[in-house]
Structure formats: structure tokens, C-alpha cells
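Remarks on the structure that follows.
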Amino acid sequence: MESRGSGMHRVFVLAFCVAGIWAAYIYQGVLQETVSTKRFGPDKKRFEHLAFLNLAQSVVCLIWSFIMKKLWSNGGDAGAPWWSYWSAGITNTIGPALGIEALKYISYPAQVLAKSSKMIPVMLMGTLVYGIKYTIPEYICTLLVAGGVSTFALSKTSSKITSKLAHPNAPIGYGLCFLNLAFDGFTNATQDSITARYPKTSAWNIMLGMNLWGSIYNLVFMFGWPNAIGYDAIAFCRQHSEAAWDILLYCLCGAVGQNFIFLTISRFGSLTNTTITTTRKFVSIVVSSLLSGNPLSGKQWGSVTMVFSGLSYQIYLKWKKLQRMQKKRKSN
């Protein structure tokens with residue numbers, strides 16, 4: 001009975017994590033698409049300064065992580081010092097800004113697909129720079145994802161979707177997404193290096209350090225000189241309270257979503273978190289297509305299926321590898 005109760009508790013916690021991640025990030029995706037494509041107020045103006053979303057997100061997550069760290073840290077502060085995140089903070093500021101800026105040029109489903117192809121630059125750099133040899137199944141995963149993204153990019157976008165974009169331009173949009181992936185790769189590598197040097201670093205410590213530097217860099221970029229774009233963004237939000245409300249909800253969704261991600265990783269591991277976030281991206285594309293009235297063609301749905309088949313296969317390969325490692329540890 002005790003083991004059954006324990007098992008049911010884990011199932012309940014996992015379901016809670018899935019629901020939290022899906023709800024927070026799917027709704028955040030809807031808000032991101034709304035802010036980037038909607039025309040606000042009687043003057044029908046667009047919110048052009050999408051980089052402001054990153055500043056708002058950093059500030060909200062900084063406050064959130066500070067509060068949670070004070071509430072949940074079990075005494076002591078043995079994690080990485082706050083200044084150690086300065087370099088990762090730079091790339092973590094530039095990368096997401098480029099990803100959001102891409103929404104001026106390509107649709108939200110296209111952006112999600114492009115950002116899902118993270119394994120491509122990772123494998124490319126691993127092969128060319130570090131001489132890593134990958135297995136045939138890993139190459140199959142990469143080919144499925146690359147083929148799906150390429151086919152989607154080359155497919156004709158409906159005029160209804162194009163009319164909602166501020167400056168429709170697929171090459172620029174996809175280019176910004178892949179630059180976003182490159183910066184994210186450096187951010188992840190730096191974070192791994194920090195946690196390796198400071199093993200007692202908690203998730204809240206990482207969140208606090210990253211968002212502290214992100215807030216500093218974004219504040220300088222947005223308000224560092226007279227007539228900087230941050231002043232225009234504030235003026236727009238004052239004139240259009242609906243946009244300000246959407247931005248606030250966008251930031252809160254990001255903060256709540258990070259909580260559920262940290263909970264998932266701590267309780268169930270990174271592989272489970274990867275599975276949940278991957279399926280969430282697929283659902284986000286479906287929700288965007290249904291709610292925003294952005295119909296995808298049959299060819300584009302085929303591309304989406306290719307990408308997520310590759311990602312699902314990659315998750316399966318990681319799971320098999322994890323199983324083999326666990327069996328090896330038990331036998332030893």
C-alpha cells in the first residue's frame with residue numbers, strides 16, 4: 001500500500017508538472033504572438049519594440065527568483081557567486097531578443113519549428129570542432145528535423161498569415177532564429193561550466209544570476225541613452241494599456257513556467273523535462289493554428305510531423321541510453 005501510494009504521488013506530481021509547463025508556455029506563446037502581430041488601440045499601431053519583452057521578463061523573473069530563493073534556500077549560500085554569470089548573461093540577453101525579433105518576419109509556428117532544431121548546430125559544432133562521432137540513428141534524427149524545417153521554410157505561406165507580420169521576410173526571420181540557437185548553445189555551455197565549478201549551485205541561484213545580468217544588460221540597451229527604444233516602449237504601453245497587460249501576463253507565464261521546469265528536473269530528471277517541453281511545442285503550433293486563424297497547409301503539417309518525429313526519436317534514443325547506464329550501474 002505504501003509503495004502504491006508513493007507511486008500515485010509521483011504520477012500526481014508529474015501530471016501537475018506537465019499541466020503547469022503546458023499551461024504557462026502555451027499561453028505565453030499565444031501572448032507572444034498577440035503582442036507581435038496585433039494592432040492596438042483606435043490608431044491600430046503595432047508594438048514594434050519586441051526586445052522590451054526580454055527586459056520585462058528578466059525583471060519579473062529576477063524578483064520571482066529572489067523571493068523563491070529566500071523562501072526555499074536551506075541556509076547558506078554555497079552556490080556560484082552572482083558575478084560568475086556575466087558572460088552567460090550577455091548571450092542569454094542577445095539570443096532570446098533575436099528569437100522574439102524573428103516574429104516580425106516569420107510566423108509563430110515557423111519560429112517554434114526553427115528553434116526546435118537545436119540539435120543541428122550542436123552536432124555540427126561537435127563534429128567540426130571537437131571531432132565527435134555520432135551514431136546513424138542520431139543522424140536520422142537530425143535529417144528529419146533539418147528536412148522538416150527546410151520544407152516548412154520553402155512552403156508557401158498563406159497571405160492571411162503574411163498580412164499579420166510586421167515585415168514579412170523569411171530569410172531574415174530564420175536567420176535570426178538560428179543565431180538565437182547559436183547564442184543559446186553558448187549560454188547552456190557556460191551554465192554547465194558554472195555548475196561544474198560550483199556543484200552546490202541551486203536552480204534558484206542560476207535563475208537569479210542569469211536574470212540579474214539580463215536585467216542589467218537590457219536596461220542599458222533599452223534606456224542607456226536619450227531617445228533609446230525603451231522610452232518608446234514605455235510610452236506605447238501607457239497609451240495602450242491592453243499591450244501592457246499582455247506583456248505583464250507574458251512575463252508571469254515565463255516565471256511560473258520556470259518554476260515547473262525546475263520542479264520537473266529535480267523530481268524526474270532532464271529527459272522527462274525535455275519530453276514535456278518538446279510535446280508542448282507541438283501543441284503550441286496546433287493552438288496557434290486554431291486560435292489565431294493561421295491555417296497551415298498539408299505540406300506544412302507534414303513538415304511539422306517530420307520535425308517532431310525526429311525530436312521524439314531523439315528522446316527515445318536518450319531514454320534507451322539512460323536505461324543502459326542504469327543497468328550498468330546496478331551490475332557493478
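For the range 230-273, backbone nitrogen atoms closer than 12 Å to the point 7 Å from N188 Cα along Cα-to-C-beta are found at 271.
In this structure, the amide hydrogen of K45, modeled 1.01 Å from its nitrogen in the peptide plane, lies closer than 5 angstrom to those of F40, counting only residues at least 5 positions away or on a different chain.
In summary, the convex hull built on the alpha carbon positions of the range 214-304 has an orientation-averaged projected area of 9.0 nm².
The charge dipole of the chain, taken about the Cα centre with unit charges on the Cβ atoms of Lys, Arg (+1) and Asp, Glu (-1), comes to about 1120 debye, rounded to the nearest 20. For the range 90-182, trypsin sites (Lys or Arg not before Pro) meeting the loop criterion (DSSP other than H, G, I, E, B) and having at most 13 other Cβ atoms within 10 Å: K133, K156.
Students often get this wrong, so check it: of K133/K299; K133/K328; K45/K115, which have C-alpha atoms separated by over 30 Å? Check vs 30 Å cut-off fails for K133/K299.
Across the range 136-152, coupling constants 3J(HN,Hα) worked out from phi with the 6.51/-1.76/1.60 Karplus curve, θ = phi - 60°, read 4, x, 5, 5, 4, 4, 5, 5, 4, 5, 4, x, x, 5, 5, 5, 4 Hz, and Gly and Pro carry x.
Think of it as helices only: each DSSP H run of n ≥ 4 in the chain is worth -39500 (n - 2.57), and spread over all residues that comes to -27000 deg cm²/dmol at 222 nm.
Each label point was placed 7 Å from the Cα along the Cα-to-Cβ direction; for S331 and F16 their separation is 3.8 nm.
Any chance you could list the semi-axes, whole Å, largest first, of the equivalent ellipsoid that the Cα gyration tensor gives for the range 55-114, using √(5λ)?
Rounded to whole Å, the semi-axes are 31, 14, 10.
Between the C-alpha center of the range 300-320 and that of the range 139-155 there is a gap of 11 Å. Strictly greater than 31 Å: what percent of every Cα pair in the chain meets that? Of all Cα-Cα pairs in the chain, 36 percent lie more than 31 Å apart. Once the Cβ-Cβ distance between Q323 and E242 is put in as r, and R0 is 45 Å, what FRET efficiency do you end up with, to the nearest 0.05? Given R0 = 45 Å and the Cβ-Cβ separation, E is 0.35. Solvent exposure of I136, expressed as accessible area, is near 130 Å², computed with a probe of 1.4 Å over the protein chains only. In this simple spin-label approximation, S87 and L128 carry label points 7 Å from Cα along the Cα→Cβ vector, and these lie 2.1 nm apart.
Entry note, the chain: relative contact order of 36 percent, from Cα contacts under 8 Å with a spacing of 6+ residues. Among Y198, Y85, Y134, the largest mean-square fluctuation in a Gaussian network model of the chain (Cα springs under 10 Å) belongs to Y134. Per-residue 3J(HN,Hα) values for the range 33-46, derived from phi via the Karplus relation 6.51 cos²θ - 1.76 cosθ + 1.60 with θ = phi - 60°, read 5, 4, 5, 7, 10, 6, 9, 9, x, x, 7, 6, 8, 8 Hz in sequence order (x marks Gly and Pro). Placing unit charges on the Cβ atoms of the charged side chains and taking the dipole of the chain about its Cα centre, the candidate lying farthest along the positive direction among V256, F183, M306 is M306.
Taken along the Cα-to-beta-carbon direction at a fixed 7 Å, the label points for L71 and T135 span 4.2 nm. At an R0 of 45 angstrom, the distance between the Cβ atoms of T278 and L219 translates into a FRET efficiency of 0.85. In loop segments of the range 32-76 as defined by DSSP, the trypsin sites (Lys or Arg not before Pro) with at most 14 further C-beta atoms inside 10 Å of their C-beta are K44.
Karplus-based coupling profile of the range 243-258, in residue order and whole Hz: 5, 4, 5, 4, 5, 4, 4, 4, 5, 5, 4, x, 5, 5, x, 5, with θ = phi - 60° in 6.51 cos²θ - 1.76 cosθ + 1.60 and x standing for Gly or Pro. At 1.4 Å probe size, with the rest of the protein present, what percent of the exposed accessible area of the range 15-68 is carbon and sulfur atoms? That fraction is 74 percent. Basic side chains Lys and Arg get +1 at the Cβ, acidic Asp and Glu get -1 at the Cβ, and with that the dipole of the range 38-195 about its Cα centre reaches some 740 debye. Which one, Y316, G214, V30, is farthest towards the positive end of the dipole of the chain when Lys and Arg carry +1 and Asp and Glu -1 on their Cβ? Farthest towards the positive end: Y316.
Result for the chain in a Gaussian network model with C-alpha springs under 10 Å: among L252, L98, L128, the largest mean-square fluctuation is at L128.
The values are calculated or read from the model by the stated rules, or taken from the named source; none is laboratory data. Just so we're clear, the structure is a prediction, and the values are computed from it rather than from any experiment. No Cβ is skipped: glycine too gets one built from the backbone with ideal geometry, and neighbour counts run over all protein chains shown. Note: accessible area is taken over every heavy atom of the protein model, side chains too, but ligands, DNA and RNA are not part of it. Shrake-Rupley method; radii C 1.70, N 1.55, O 1.52, S 1.80 Å.
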